[in-house]
Amino acid sequence: MPSEEAVSRATSADAQSALAARLATGDAAAEEEFVLLYRPRVLCVLRARLRDWEMARELADEALMGALQALRGGRLQEPSRLSAFVAGTARNVANNHLRARMRQPRPEPLEDEVPGADPVAAMEEAERLELVRRAIAGLDQADRAVLDLTLAQGLKPGEIARRLGLSPDVVRARKSRAIRKVIEGVQPKTSGGMEPASRNDGRQPL
């Protein structure tokens, strides 16, 4: 590590300008000198910003490389302020890291017992959906079109009437009929075609 006296000499305005000029030409020796000189400073800036020594060490190379790339491209407008430029680059890297960490969702602890899907309920739901699809497929084309425009697209009877060339009253009648047929197609039936009794209607069983 350079001594304090060496660092002081190397970071004078003239020395910063000279080093920046060498870096702009891609001088490999200048790049090695740059890393040795500024890595400790970059670490200090990152550690102060992040309050995390391990993360500061991980991001130091990113900050140094970012500064080097800018210097190679001649993007330093005031070569005598090389040290301030490097410190600013390190602060930007730290701020980007903090912003990215804030955008990450906070992990929520899982409960000891996570309820799983009920296979019976899932099967019943699949059967109901299949019944609905069959009932809709059994409608005539006009009724199916009215139902689709009503449920899938949320159109009002007047809008549907204009699209299909029908009167609003006809649209309402077809909509009502289509919904009734779908409901009838979904309701459970007995083998005789009648709905099973779900509750006692007050009459004594035969």
TODO: Look through Ala13, Ala20 and report the one residue that is small (Gly, Ala, Ser) and surrounded by 16 or more Cβ atoms within 10 Å (Cβ to Cβ).
DONE: Ala20
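Which helices (runs of 4 or more DSSP H) sit wholly inside the range 78-167 and have at least 3 residues that are small (Gly, Ala, Ser) and at pLDDT below 80?
The qualifying helices (runs of 4 or more DSSP H) are 119-137.
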- [ ] Taking the residues in the range 118-161 that are under 13 Å from Lys181 (Cα atoms) and among the small types (Gly, Ala, Ser) as candidates, determine which candidate is surrounded by the most Cβ atoms within 10 Å (Cβ to Cβ).
- [x] Ala135
Open item on the list: Quick check on the range 61-69. Is at least one of its residues within 18 Å of Ala48 (Cα to Cα) and of a type outside the set (D, E, K, R)?
Closed with: yes
TODO: Identify the residue in the range 3-38 that is in a loop (DSSP other than H, G, I, E, B) and small (Gly, Ala, Ser) and, among all such residues, is modelled with the lowest pLDDT.
DONE: Ser3
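The values are calculated or read from the model by the stated rules, or taken from the named source; none is laboratory data. Because the structure is predicted, anything quoted here is derived from the model rather than measured. As a convention, Cβ positions derive from the backbone with ideal geometry for all residues, glycine included, and neighbour counts pool all protein chains shown.
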